[in-house]
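Shown next, in structure tokens, is the structure this report addresses.
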Amino acid sequence: MTVFTMNSNLTDQMLTWRRDFHQHPEVGWTEFRTASIIAHELSQLGFQVQVGKEVVSKSRMGVPSEEYLGLYYEKAKENGGHLKYMEKMVGGYTGVVGTIKGKKPGPTIAFRFDMDALEIEESPDSSHVPQQSGFRSQYEGNMHACGHDAHCAIGLGLATVLAHNTDHIEGTIKIIFQPAEEGVRGAKSMVDAGVVDGVDYFLAMHVGAGSPLGTVIAGTNGFLATTKINAKFLGKAAHAGAEPEKGKNALLAAASAILGLHAIPHHSGGASRINVGTCIAGDGRNIVPAHASLQLETRGENSDVHMYVHEQALSVLQGASNMYGTELSYEIVGAAKTCSSSEKLIELVTHAASTVDGLEEIVPSSKFAAGSEDATYMMDQVQRQGGLATYAVFGTTLAAGHHHEKFDIDEAVLSIALHTWLATIEQVYQNESR
């Protein structure tokens, strides 16, 4: 049993938070409502609260247009966002960090929770629990289809317990609420802002990810390094029947690039991935296409493999553009590193989980099932500074897979994750005292 005590209604409060966030899903860099509510709750609990440019640097990737940001800023104002904090987030600087210090000396522990949703229309089917229970998304075309609403609730639950148990805190605890995890866009800018500088123990997590309720994976490895690239080819329009030779065909450049990208040879140093997800080009059937755009991603099992496939991809894009006489431009709109969880911290989380009711299987470490995660930027930074880092998975029953219109979780995982993190804090303190 943990020495941290908690109010008996905290589980219900976590459900309320989770369902409220579920109803108001905000995609990356537009989490004005979510982030401002979190900041308000942390402030009420007595945390030192930092928001906006205090915790998010200008090195952001994949930021939406000003018009798009403005639309969600107004939605947040209309749906209970706190202007005191939102005003510091203008332009999409939607990160939040809450810090609490104990009365005893000790290490700095940081927990990271991501906040963003996905551009998916949530199912209105009567069998879908959020529809049945009245907490289906109110934002057309957006949905919490990955569980980040649950992550936010767990983070606020953790903050609530800590705020009422400061006598048991040794050193400093930071709770990081990160925007724009989807598309691996947000973590790097928070690292660049210094939010994990001086952190001795760093813990990140995900619910679900293929594991059943009652299972915890104390540390995951095998994250694929990745970059997300938006490429544009600019050619020259011409009449396709009368003067085709006067055009420069951007669509053909893009098509050639797609074939070349998927033909990049494998690397002997490990697994790699490449995918072109979208291709948009042209204006009409009788016009030589003057513009084309691709959205693609590269991934690699390790840094060397990923650098190889990334550089090959850029070379293919440039070669295809040159072949058809177009101009190429591209933007890196997301990135993540490869990283491994620290063995000692895996051990501490494993011991902590063994004391938690509701856990039936504790897996010390496993390969990450979802490919890439930008928490790796934070993990890597902490480890480079001599600290320990891990990424845990808390299993839960899923109504449908991640990123699916009928995604939903068994909310029992909220309490399991909270109690595991509280027990982990105690394990860290015991480790420090040895």
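Please compute the contact order of the stretch 173-294 in relative form: average sequence separation of alpha-carbon pairs under 8 Å and at least six residues apart, divided by the residue count, as a percent.
Relative contact order of the stretch 173-294: 25 percent.
Can you give me the Cα centroid spacing of the stretch 81-158 and the stretch 1-71 in angstrom?
Spelled out, the Cα-based centre of one part sits 5 Å from the other.
To the nearest 0.05, what FRET efficiency results for Glu54 and Lys367 with a Förster distance of 30 Å applied to their C-beta separation?
0.25
For the stretch 248-332, what's the relative contact order in percent, using C-alpha pairs closer than 8 Å and at least 6 residues apart?
38
In percent, what relative contact order does the chain have, based on Cα pairs under 8 Å that are 6 or more apart in sequence?
Once normalised by length, the contact order is 21 percent.
Where is the GNM fluctuation largest for the chain (alpha-carbon springs, 10 angstrom cutoff): Gly277, Gly91, Gly147?
Comparing Gly277, Gly91, Gly147 in a Gaussian network model of the chain, the most mobile one is Gly277.
Please say if the stretch 282-376 is rounded, prolate or oblate, where rounded means a/c under 1.5 for a ≥ b ≥ c the square roots of the C-alpha gyration tensor eigenvalues, and otherwise the choice is prolate for a/b larger than b/c and oblate otherwise?
prolate
Work out the count of Lys pairs in the stretch 37-104 where the Cα-Cα distance is under 18 Å, with the pair 8 or more places apart or on different chains.
6
Which cross-chain or sequence-distant (5 or more) residues have an amide H under 5 Å from the amide H of His291, H modelled 1.01 Å from N in plane?
Distant-sequence amide H within range of His291: Gly235, Ala250, Leu251, Gly282.
Across the stretch 219-228, in residue order, what do the Karplus-derived ³J(HN,Hα) couplings come to in whole Hz, using 6.51 cos²θ - 1.76 cosθ + 1.60 with θ = phi - 60° and x for Gly and Pro?
x, 10, 10, x, 4, 8, 5, 8, 9, 10
HN-Hα J couplings of the stretch 92-101 from phi, Karplus 6.51/-1.76/1.60, θ = phi - 60°, integer Hz, Gly and Pro as x?
x, 8, 9, x, 9, 10, x, 10, 9, 10
Convert 25 °C to kelvin, take the viscosity as 0.890 mPa s, use the Kirkwood radius over C-alpha pairs of the stretch 122-225 as Rh, and evaluate the Stokes-Einstein diffusion coefficient in µm²/s, rounded to a whole number.
The Stokes-Einstein estimate is 145 µm²/s.
Can you tell me the accessible area per residue over the chain, all protein chains present, probe 1.4 angstrom, in square angstrom?
40
Gap in Å between the Cα centre of the stretch 251-282 and the Cα centre of the stretch 391-434?
Cα centres, the stretch 391-434 to the stretch 251-282: 37 Å.
Based on C-alpha coordinates, I'd like the Rg and Dmax of the stretch 339-403, in Å.
Answer for the stretch 339-403, Rg first and Dmax second: 13.5, 40 Å.
State log₁₀ I(q)/I(0) for the chain at q = 0.09 Å⁻¹ as given by the Debye formula over alpha-carbon point scatterers of equal weight, solvent excluded.
For the chain at q = 0.09 Å⁻¹, log10 I(q)/I(0) is -0.59.
Once all Cα-Cα distances of the stretch 73-153 are split into 5 Å bins that start at 0, what whole-number percent is in each one?
P(r) over the stretch 73-153, rounded to whole percents: 3, 11, 15, 19, 18, 12, 10, 6, 4, 2, 0.
Among the complete DSSP H segments of the chain, which ones combine at least 27 Å of alpha-carbon extent along their axis with a mean Kyte-Doolittle hydropathy of -0.5 or more?
Helices meeting the span and hydropathy rule in the chain are 303-323, 412-433.
Residues of the stretch 255-290 with amide nitrogen under 12 Å from the 7 Å Cα-to-Cβ point of Ala240?
Counting backbone N atoms under 12 Å from the label point, the list is 282-290.
Share of the chain's accessible area from carbon and sulfur, percent, 1.4 Å?
48
Taking amide H atoms as placed 1.01 Å from N in the peptide plane, list the residues 5 or more away in sequence, or in a different chain, whose amide H sits under 5 Å from that of Asn221.
Ser366, Lys367, Phe368
Using a 10 angstrom cutoff on alpha carbons, build the Gaussian network for the chain and name the most mobile of Asn275, Asn286, Asn302.
Checking each option, the largest mean-square fluctuation is seen for Asn286.
Is it possible to state the helix-based mean residue ellipticity at 222 nm for the chain, with each DSSP H run of 4+ residues giving -39500 (n - 2.57), the sum divided by total residues, to the nearest 500 deg cm²/dmol? What is it?
-10500 deg cm²/dmol
The values are calculated or read from the model by the stated rules, or taken from the named source; none is laboratory data. Quick caveat, the model's predicted, so the values are computed rather than measured. Ideal geometry is used to build each Cβ from the backbone, glycine not excepted, and the neighbour counts take in all protein chains shown. All accessible areas refer to the heavy atoms of the entire protein, side chains included, with ligands and DNA or RNA removed. Shrake-Rupley method; radii C 1.70, N 1.55, O 1.52, S 1.80 Å.
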